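Q: One structure, pasted below without further comment.
The values are calculated or read from the model by the stated rules, or taken from the named source; none is laboratory data. Since we're looking at a predicted model, the values are computed, not measured. Don't worry about glycine lacking a Cβ; one is built from the backbone with ideal geometry, like all the others, and counts go over all protein chains shown.
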Amino acid sequence: MTRRRSSARRPAISVLRIGHRPGRDPRLTTHLALAARAWGAERMYLHPPDPILAERLAHVAREWGAGFTVEPAPDWKAVVRAHAGAVVHLTMYGEPIDRRLPELARQRRLLLVVGGAKVPPELFQRADWNVAVGAQPHSEVAAVAVLLDRLGGIPPARRRKGARRRIVPQPRGKRVLGPGGRKRGRDR
């Protein structure tokens, strides 16, 4: 069961992906961005930059609704320094999420930082909090999705501003509306 915050306000969320390997990690980083977007994050900073992946994700935002961008981050430390809010490093070595969740929920802005296989040790010192969603190995996608869900769940099912496509929920099959409300694809 997902816990919901009693307040309608939730922090503005950005995600910083450190250690992306262009050509090797596009699927994992794409999943990270899609999960962050679906759970209401505003942007993802990508270190090192990957313009091809950023354009693919911009296409998703154009089709399914704006409000999420992928920004290049040649220097992850500069992103952390420039962030006007709390910095949360999601790591399995951090403090349990339940211990920090009330404090995180009160923040106006959060930068969630996730890394690949080798996270720079300096990140543990630069973060305001090192938070674990579980003290077991897990993916960056899981860490971001669990934290965002615990902070308030998926934003209400409303049509996203500028969306060209929209899923029509139904008990079976797939139904997607395209531009002008026309059905795209076929019902199954």
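Q: Suppose we keep only residues that are in a loop (DSSP other than H, G, I, E, B) and touching a helix residue (DSSP H, G or I) at 6+ places or on another chain (Cβ under 7 Å) within region 68-110. Which one would you say is surrounded by the fewest Cβ atoms within 10 Å (Cβ to Cβ)?
A: Of everything passing the filter in region 68-110, A73 is surrounded by the fewest Cβ atoms within 10 Å (Cβ to Cβ).
Q: With over 20 Å from G162 (Cα atoms) and modelled with pLDDT under 95 as the only criterion, which of R37, R10, R62 stands out?
A: Testing whether each residue is over 20 Å from G162 (Cα atoms) and modelled with pLDDT under 95 leaves just R10.
Q: Please go through region 120-134 and pick out each residue that is under 13 Å from G94 (Cα atoms) and not in a helix (DSSP H, G or I).
A: A127, D128, W129, N130, V131, A132, V133, G134
Q: Another one. Output the qualifying pairs, or none if there are none: Cβ atoms under 6 angstrom, residues six or more apart or on different chains, first residue in region 161-186 and modelled with pLDDT under 85, second residue among the aromatic types (F, W, Y) and not in a strand (DSSP E or B).
A: Note: pairs meeting the criteria are A163/W64.
Q: Next up: Quick check on this structure: which one of P22, P49 is surrounded by fewer than 23 Cβ atoms within 10 Å (Cβ to Cβ), more than 12 Å from L148 (Cβ to Cβ) and in contact with a strand residue (DSSP E or B) (Cβ under 8 Å, 6 or more places away or on another chain)?
A: P49
Q: List pairs: first residue in region 94-114 and modelled with pLDDT of 95 or more, second residue in a helix (DSSP H, G or I) and among the β-branched types (V, I, T) anywhere in the structure, Cβ distance under 8 angstrom, at least six positions apart or on different chains.
A: From residues that are modelled with pLDDT of 95 or more, the pairs are I97/V146; L111/V79; L111/V80; L112/V144; V113/V80; V114/V144.
Q: While we're looking at this one, here's another question. Does P74 meet the test of being touching a His at 6+ places or on another chain (Cβ under 9 Å), modelled with pLDDT of 95 or more and over 14 Å from A33 (Cα atoms)?
A: It is true that P74 is touching a His at 6+ places or on another chain (Cβ under 9 Å), modelled with pLDDT of 95 or more and over 14 Å from A33 (Cα atoms).
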